[in-house]
């Protein structure tokens, strides 16, 4: 699966492996049935400079989509348990 094939919701979750605030690598955890939440800084908000947030319900379908993508990426490592996925960029990956 390629980036262009992902849904906007999947992209919105996966892209947080690098923080837009600090540009540091982050570990991401998603769970089926829970909301993936991240606060966006002002530059992620609308044109009026308001801050906003990302709130995405992780459905089973979305979970499977993210898992399928992450598991095929050579620059990512992941850990999976029933209904839960933790992933991040590998230590040797430069951002």
Once normalised by the length of the chain, the mean sequence separation of its alpha carbon contacts under 8 Å that are 6 or more apart gives a contact order in percent of 30
Length gained if residue 32 through residue 72 is fully extended, taking 0.36 nm per residue and subtracting the Cα-Cα distance, is 12.4 nm
Per-residue ellipticity at 222 nm attributable to helices in the chain (runs of n ≥ 4 DSSP H, -39500 (n - 2.57) apiece, nearest 500 deg cm²/dmol) works out to -6000 deg cm²/dmol
Quick calc: nm separation of the 7 Å Cα→Cβ label points for residue 90 and residue 57 -> 3.7
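Taken together, the values in this text are just the output of simple stated rules run on the coordinates, not laboratory data. Computed from a predicted model, the values in this text were never measured in an experiment. Neighbour counts are summed over all protein chains in view; Cβ atoms, including those assigned to glycine, are modelled from backbone coordinates with ideal geometry.
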